[in-house]
Each structure stands twice: as structure tokens, then as C-alpha cells.
Amino acid sequence: MFTTKVYANTAAVQYGKRLDGERLRRIVEAATVNDAFRMLADYGYAYQSGCSVDGFIVGETDRLIRFISDNAPNIRFANALTARFVYNNAKLAYKSRFAAVPADGYYNTDLDIAKIADGDYGDADGYMAEALTELDENNEKRPQVIDLVLTSAMYKSVLKCGIPAVKHYFRAEIDMKNILTAARMKRLGLSGDEFLQGGTIDADTLSESVDAEHFAEPYEHTRYALFAERIELRDGGELWRAERETDDHLYFMTDSTVTDYSSYKPFLNYYTETLIELKTVKTALVCIKTNSRDEFYDRIPEIYKDI
């Protein structure tokens, strides 16, 4: 079902932000993971007894997918926002040919994973089918390469949606992922073409930062100058902080003091907020499970800094 922008944004605003800093504090201080699950159920999450942490997060992600499908203003917007989940399933299905994959790792999408696993790409979109065929031709079994090829195809598909707000959003995501990749390559002394296409930063600039004495220097005239400087100040270490900053950037990029119900921004903000929320909940549950609660407070995203 597809709706109007006003309806879609109204629904997104209504169902947004189930958590705040105080609720997160209560969750992470729970005595056991099961106690935390019960709290999450009280806060509106769907929890079934006996599910794993990963199974819980996948289930909540399925709820997000259904929300997008039921409330998005058009199919191009819905497909762009759910592409990461569809392509996740394609990655797992392809890898299942030669490796064990978690049964609860698949999201509930329309992609026929059995066909992908069997090498039948007739129902896949053109970018996915082309990427999977390339992997077949190269007899590729390296998980990192499979992920890179299919992630590249996913972004190509998303950027063809024709919606400027969506393209702006995902180009920023590509840029920040590429800067993170460059930082990892510099730290490990690697070289190569592992960058995603479609962002606003060209491959030459990214490669230059890998070889530069000062990692941030090639980015000084881009909107990511401060982001790159913070990475350099940490000597390329603790890149999870930069990943968290990426999420924060995408959230605040779509946030506004005045809700424009005729734009795509409120729905994009809800989408980003929910993705951050689920990552944060997973981190909290893992910290409870491993009895490393203090670490959680260092990893909390900016939007929950009232904790």
C-alpha cells in the first residue's frame, strides 16, 4: 500500500523514538538479558520467549520493513529504504552455497532466497543479478568481496530512485563509509580499490588520504573535514567511534526543528532513528550478556546523550 507524503510522515512522527536515555539506562542495568527483553516489551517491542539477541533484532527490523511497505508514499522510496535488507538476504543466500549462515539472519523481504542460493537470478533486480553473475564468473567465495560487490550494487540501485532527498542521504552514507574504509586501509598498510561508487568524494581523494602523512588533509575542503580530523586524532583507531558518528550525522542531517510534511525528511529521519535505535539496543543486550555494562555508556549515540 502506498500513501501520500503527509500520511507517511504523520505515521513516522507518531511511531518514532520508543527509547530515550533513561529507558536505555534501565535496560542496560537489567540483571539479565531476559529481564531486559521484558522491559523492551513494555516499551512496545515485540518479544517472544526464547529468541536470541540477533533473532530479536531481526524481528524488530522486519517490523520496520513492514512499516515502510505499508506507509511509504511511493514504491521508489520504499524500495530505496528496504534495499539494504534485501541485499543482506542476497549476501547470506549466496554465501550459504559454501558456508553455514545463521538461520535467523534473514529479513522478511520478497526476495526468494532459495532461488539466489540455487543460482537463479530471474527475480532479482538488474543490479543484483549483474553483481551475482559477476561473483559466479569469478567463482568468488571470499565473504568480504561478496559483501563489497553486492553493497556496491545496492547503492547503484538506490541512487537510481530519482528522489533527490534519498540520493543526498545515501551519497552521504557512501562518503562516510568510504572514509572509514580509507582509514582502515591506512591503519593496516593496505592499498587497492575497495571504495563504493556513487558518493561525492572521488576515488583519487580517498586513495590520497590512505597514502598521506596526515589522513585528514585531502578532505579539508569537503563537508567531512571534521569527521576525518577526528579519525586522524585517534590515529585510525577505535573506528567504531567513527561508525557511531556516521549514524549521528545521518540522523541530524534529516532532523529539523520544523516538520515539513510535504518532504521526505521526516520519514527518512524515522528510518535512521530506528536503525540507530536497534543498533543501540543490540549493543545494550550484548553488554548485559558479557557483563560489560560500563562499555555501553561510551558507545551510546549522540541522540541518547541525555543518559
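The values are calculated or read from the model by the stated rules, or taken from the named source; none is laboratory data. Here the structure is a predicted model, which is why all the values come from computation and not from measurement. Neighbour counts run over all protein chains shown; Cβ positions are idealised from the backbone, glycine included. What goes into the accessible areas is simple: the full protein's heavy atoms, side chains included, and nothing from ligands, DNA or RNA. Shrake-Rupley method; radii C 1.70, N 1.55, O 1.52, S 1.80 Å.
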Q) Could you give the distance between the Cα centres of the range 283-307 and the range 72-120, to the whole Å? A) 29
(Q) I need the chymotrypsin sites (Phe, Trp or Tyr not before Pro) found in the range 98-192, filtered to DSSP loop residues with at most 15 other beta carbons within 10 Å of theirs. (A) F98
Q | the range 223-281, relative contact order in percent, only Cα pairs under 8 angstrom and at least six apart counted | A | 25
Q) Can you give me the relative contact order of the chain as a percent, contacts being Cα pairs under 8 Å and 6 or more apart? A) 26
Q) Does the range 230-282 come out rounded, prolate or oblate by the C-alpha gyration tensor, with a ≥ b ≥ c the root eigenvalues, rounded set by a/c under 1.5 and, if not, prolate when a/b is larger than b/c and oblate if not? A) oblate
Q: Indicate the gyration tensor shape class of the chain (rounded, prolate or oblate), computed on the Cα atoms with a ≥ b ≥ c the square roots of the eigenvalues: a/c under 1.5 is rounded; otherwise a/b larger than b/c is prolate and the rest oblate.
A: rounded
Q | the range 78-89 - phi-based ³J(HN,Hα) in whole Hz, Karplus 6.51/-1.76/1.60, Gly and Pro as x | A | 4, 5, 5, 6, 9, 4, 4, 7, 5, 6, 4, 5
Q. Reachable lysines from K17, Cα under 20 Å, same-chain residues fewer than 8 places away excluded?
A. K5, K265, K279, K282, K305
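Using only the Cα atoms of the range 1-95, build the gyration tensor, take square roots of its eigenvalues as a ≥ b ≥ c, and label the shape rounded, prolate or oblate: rounded if a/c is under 1.5, else prolate if a/b is larger than b/c, else oblate.
Cα axes put the range 1-95 in the oblate bin.
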Q: Leaving ligands, DNA and RNA out of it, report the carbon-plus-sulfur percent of the accessible area of the range 1-146 at a 1.4 Å probe.
A: 48
Q. Between Y155, G189, Y271, whose Cα lies farthest towards the positive end of the dipole of the range 151-271 when Lys and Arg beta carbons carry +1 and Asp and Glu beta carbons carry -1, centred on the Cα centre?
A. Y271
Q. Relative to a virtual label point 7 Å from the Cα of K141 in the Cα→beta-carbon direction, which members of the range 85-101 show backbone nitrogen distances below 14 Å?
A. 95-100
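How many percent of the alpha carbon pairs in the range 153-306 exceed a separation of 25 Å?
37
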Q.
Over the chain, with the other protein chains present, what is the accessible area per residue in square angstrom, probe 1.4 angstrom?
A. 50
Q. In the range 1-61, which chymotrypsin sites (Phe, Trp or Tyr not before Pro) are in a loop and have at most 16 other Cβ atoms within 10 Å, using DSSP for the loop call?
A. F2, Y43
Q.
If you filter the range 254-307 for trypsin sites (Lys or Arg not before Pro), then keep DSSP loop positions with at most 11 other Cβ within 10 Å, what is left?
A. K305
